[in-house]
Amino acid sequence: MLSPHEFATLMLVRQAPDQLDMNRAELDALLERQLVMLEHCGKGARRAYLTGKGRTFLDALHPGDAPHRSRKTAGNGGGTGPETPSMPGGRTTDIVEPGRAG
């Protein structure tokens, strides 16, 4: 079972991995449980990311917090552009201009 701090760290890895303090003790526990992995970047920097097990764990406990994927709809480029991050629990909608066909 994860402590509240470990769970919060796991959510932080999902939502804002660049803001994560890589020296957090909770990160070691998540690595041991194989919920996160570390990627070694240039100049000795490291970045944490969720493993499949970590994503499954968060999806099971907090399904509404999963990052939204781009959907293929008329007028938005068919989902080929970069994904737009959304706020946790937020919803995105397409903006349609009256009188313009997609």
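The values are calculated or read from the model by the stated rules, or taken from the named source; none is laboratory data. Since the model is a prediction, treat every value here as computed from it, not as a measurement. Cβ atoms come from the backbone with ideal geometry, glycine included; neighbour counts cover every protein chain shown.
Looking at region 29-47, which of its residues are surrounded by 13 or more Cβ atoms within 10 Å (Cβ to Cβ) and at pLDDT 90 or above?
If we filter region 29-47 for residues that are surrounded by 13 or more Cβ atoms within 10 Å (Cβ to Cβ), which is where we start, we get 29-31, 33, 35-37, 47.
Selection gives ALA29, LEU30, LEU31, ARG33, LEU35, VAL36, MET37.
Being closer than 15 Å to GLY54 by Cβ and among the charged types (D, E, K, R) is the filter here; which residues of region 1-23 pass it?
GLU6, ARG14
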